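One structure is given below, encoded as structure tokens.
The values are calculated or read from the model by the stated rules, or taken from the named source; none is laboratory data. Since the model is a prediction, treat every value here as computed from it, not as a measurement. For neighbour counting, all protein chains shown are included, and Cβ atoms are generated from backbone atoms with ideal geometry for every residue, glycine included.
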Amino acid sequence: MAPSLPFEIVAQIIENTYHLHTDPPKVDVETLSTCAAVCKRWCSFARGLLFFKINTARQGQSSFLRKFPLLVGSGGLGTCIRSLDLLAHRGTSELDFIMALSYCPNLYELRLLALGDDPGLTDLEVVRLKALHLKIRALSLTLHYIPRQLRLLCQLMAIWPSIQFLTFSMLPGWTVPPPGERPPFSLYELTIPTYCLFPEPIMRWLLPPILAGQKGSLRILSFTAAADHLNALMEYMPHVRSLRIQLHHPLPQGFFRALQRIAGARS
């Protein structure tokens, strides 16, 4: 009998087939499906890669979610899903969002696009989401109707204070107050896409002042900056390990000195 490769090597080979060499990269579904048909051990590993990231919006969310009951069970495919893209609006049925999450107990990243003008979640929806006991670590939230939807950000951060990686974007031009009382979350990474210019109160809600003698939890920061944003966030700059800023206004005093402190802290 021919000797077989250790499974650790086989797993590395299968992982290297995950993406096709295309721009943008796409998952090599055909190769992974073939690997899943080889044997039970290969099937378990390849299936985890096949269903690692699910984008319901791209596949037609309403029709896709009708298939979610197939994912039920301790060994079901829902346990493989670690990243999920969803649309959040009443037009698809108010329970679609919660139903999808209920089938993904190991979910790590939630990417949510809020299209309607609903003022956040209802009290019942908040209770149902808390009852799922998910430990979401990464949230990507895009809002389109800011004056009413900003409350949704506060609700999600309160439901999942475990979130450490936040990407938050909204249409430019809105002048709105912070979304409410700040839940006890601590961000490791904050990304705000370059087309957004957030008022200083919202930036301070996302990144409150660092307590004396501490360094804060933030280590990766990416945002589009106005001068008042930078003045509010200068205290974070010596502590972050990756800083990406697109500037639209003159640099505030002391900006380059702060960058030098970042470089010195890393050396």
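Can you name the residue in region 171-193 that is surrounded by 14 or more Cβ atoms within 10 Å (Cβ to Cβ) and within 23 Å of S242 (Cα to Cα) and, of all such residues, is modelled with the lowest pLDDT?
Start the filter on region 171-193 by keeping residues that are surrounded by 14 or more Cβ atoms within 10 Å (Cβ to Cβ), which leaves 174, 176, 178-180, 182-183, 185, 187-193.
Adding the requirement that they be within 23 Å of S242 (Cα to Cα) leaves 185, 187-193.
Values: F185: 90, L187: 91, Y188: 93, E189: 93, L190: 91, T191: 89, I192: 84, P193: 79.
Residue satisfying both the conditions and the ranking: P193.
Restricting to region 204-222, count the residues that are crowded, with 19+ Cβ neighbours inside 10 Å and modelled with pLDDT under 80.
Let us first name the residues in region 204-222 that are crowded, with 19+ Cβ neighbours inside 10 Å, namely 205-207, 218, 221.
Cutting the leftovers down to modelled with pLDDT under 80 gives us none.
Going through region 204-222 one residue at a time, the tally reaches 0.
Being modelled with pLDDT of 75 or more, of a type outside the set (A, V, I, L, M, F, W, C) and assigned to a loop (DSSP other than H, G, I, E, B) is the filter; apply it to region 223-267 and report the residue that is farthest from the chain's Cα centre (by Cα).
The residue in question is P238.
For a quick check of your reading: which helices (runs of 4 or more DSSP H) sit entirely within region 19-102 and have at least 3 residues that are basic (K, R) and at pLDDT below 80? Quick ask: steps written out before the conclusion?
Working: elements: 29-36, 40-50, 61-65, 96-102.
Those helices (runs of 4 or more DSSP H) span 40-50.
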